[in-house]
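A.B. asks: Got a structure for you, questions after.
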Amino acid sequence: MEKTVAFYTLGCRVNQYETAAMEALFEKENYKIVPFDTAADVYVINTCTVTAESERKCRQILRRAKGKNPKATVAAVGCMAQSSADVLSAMPEVDLVLGVSRKQEIVEAVKNASRMPILVDDISRITEYREMKVNTFEDRDRAFVKIQDGCDRFCSYCIIPYVRGRVRSRAPEDILTEIRLLGEKGFREVVLTGIHVASFGRGTDTTLSEIIRRVAEIDGIERIRLSSIDPIAFDESLLKTYRETDKLCPHFHISLQSGSSSVLRRMNRRYTPEEYAAVTQKLRDIRPDTSITTDIITGFPGETEEEFAETMAFTETAGLCGIHVFPYSVRKGTAAAKMENQVPRGIREARARELIQKAAALRHSFAARFVGSKQPVLFEHGTDKPSGFTPHFLRVEVPEATEKENLAGKILPVLIYDCKGEILYGKKA
């Protein structure tokens, strides 16, 4: 009888990529991938530890998996497995705990779960990139391609360097080979992702700019994006690549975390608001319609009303087009967890709500600029109604189109005639 395996992914784009790689490993061993909410022989939960809420959800999902099939092997893999193996292994629902550096061993680990229920390395000793290959994605239009792992920035609030380890760059030829295969399979867009994309190239003879240029030469690939990236990445070489590479989309998610210089110092972010704003201006000097989105933490230890007001004002100064907002979450083992003047949870969350309202207004204001324009839209598979994304990563719905037209996977010109919230509406041009 064919064995089945179901996956659930929490957290970042890197986790999504690694889940796709683990799916490929199981398929190679003749497992059938089934939806998570169905009965399966094996459940693999790719965990996240970036916030207390993400860890709470990990535990909830693990319990749900065992409830679907009490006889199944339930594997907790990834970042929370790395940071809290003892917590997860103590859960009666968990049969296997697999750290971030052991994901490529998932199939064999499942087979031996009863004998080796915990497989977690000392991540600080891992110095080489461990290859995992992806064959395809459920989303057949946009592919995430991991180009590096690890981070050595040690921001004071962040647990990730402790669970992902040192910076390791993927071999450029492995990246290009994977993208060529994805292009042959019909993917039109690739997102170069990693734990700290700005660090790509360390340990190789290639830079981030060079890998972008080489990806742009691959047949079939029409759009290139970068996942979340630090402002420090935008040196003259990368700015020149943006100027000269039409396939590099005019949308960047540039990590900010706070618009207050004093908060940034406590966060150990290593740039000032002024330096961040200078980067956004340089990008818009190249393409005036460049979309800049970001992450911001509210209620970081010691954050005063004045410092929060500086952040609110800076969202306008930097011309941000969208914000992912996170109330500060205490992570044991980080420098911030030991800081004095921890902001009460209610204030953290109230500031987050205020900033979320601001973010919605910024997103709408930017999207509305495109009403009356013609935009190339990459239509997606599996959506309820024909829709897709512009190069600026704005969602466009085309209500007049029908399923029979089979737009999925195509990049087509769309005339934008309306904007509601952050959603654009258009018709085929």
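A.B. asks: Out of everything in region 396-429 that is acidic (Asp, Glu) and in a loop (DSSP other than H, G, I, E, B), what residue ends up being nearest to Ile224 (Cα to Cα)? Before the answer, list the steps.
C.D. replies: Keep residues of region 396-429 that are acidic (Asp, Glu), which gives 397, 400, 403, 405, 418, 422.
Cutting the leftovers down to in a loop (DSSP other than H, G, I, E, B) gives us 400, 422.
On the way: Glu400: 29, Glu422: 22 Å.
Restricting to residues being acidic (Asp, Glu) and in a loop (DSSP other than H, G, I, E, B), the top hit is Glu422.
Here is a yes/no grid of residues against (1) free of Cβ contacts under 8 Å to residues at least 60 places away in the same chain; (2) closer than 23 Å to Lys28 by Cβ:
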residue: Cys79; (1), (2): no, no
residue: Ser83; (1), (2): no, no
residue: Leu88; (1), (2): yes, no
residue: Glu93; (1), (2): yes, no
residue: Leu96; (1), (2): yes, yes
residue: Arg102; (1), (2): yes, yes
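A.B. asks: Let me ask another. Consider Phe393 against the criteria (1) part of a helix (DSSP H, G or I); (2) modelled with pLDDT of 95 or more: it satisfies all of them except one. Which criterion is unmet?
C.D. replies: Unmet for Phe393, out of (1) part of a helix (DSSP H, G or I); (2) modelled with pLDDT of 95 or more: (1).
A.B. asks: I'd like the full set of residues that are farther than 16 Å from Cys155 by Cβ, out of contact with any strand residue (DSSP E or B) (no Cβ under 7 Å at 6 or more places or on another chain) and surrounded by 15 or more Cβ atoms within 10 Å (Cβ to Cβ), limited to region 319-349. Let's see the steps before the verdict.
C.D. replies: Step one: list which residues in region 319-349 are farther than 16 Å from Cys155 by Cβ, which gives 319-323, 325, 327, 340-349.
This time we only want the ones that are out of contact with any strand residue (DSSP E or B) (no Cβ under 7 Å at 6 or more places or on another chain), so: 340-347.
Residues satisfying the conditions are Gln342, Val343, Ile347.
A.B. asks: Another question, then. Just to be sure, is Pro376 more than 25 Å from Val279 (Cα to Cα), in a strand (DSSP E or B) and touching a residue at least 24 places away in the same chain (Cβ under 8 Å)? Don't jump to the end; show me each part of the working.
C.D. replies: Working: more than 25 Å from Val279 (Cα to Cα): yes; in a strand (DSSP E or B): yes; touching a residue at least 24 places away in the same chain (Cβ under 8 Å): yes.
Considered against the rule, which asks whether it is more than 25 Å from Val279 (Cα to Cα), in a strand (DSSP E or B) and touching a residue at least 24 places away in the same chain (Cβ under 8 Å), Pro376 comes out as yes.
A.B. asks: Mind telling me which of the residues Pro172, Pro161 ends up being under 21 Å from the mean Cα position of the chain (by Cα) and free of Cβ contacts under 8 Å to residues at least 24 places away in the same chain?
C.D. replies: Pro161
Matching residues to (1) in the same structural domain as Ile232 (by TED's automatic domain parsing); (2) polar (S, T, N, Q); (3) modelled with pLDDT under 95:
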| position | (1), (2), (3) |
| --- | --- |
| Thr73 | no, yes, no |
| Gln82 | no, yes, no |
| Ala90 | no, no, no |
| Glu93 | no, no, no |
| Ala113 | no, no, yes |
| Met116 | no, no, yes |
| Val167 | yes, no, no |
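The values are calculated or read from the model by the stated rules, or taken from the named source; none is laboratory data. The structure displayed is predicted, hence computed values, not measured ones. Cβ atoms come from the backbone with ideal geometry, glycine included; neighbour counts cover every protein chain shown.
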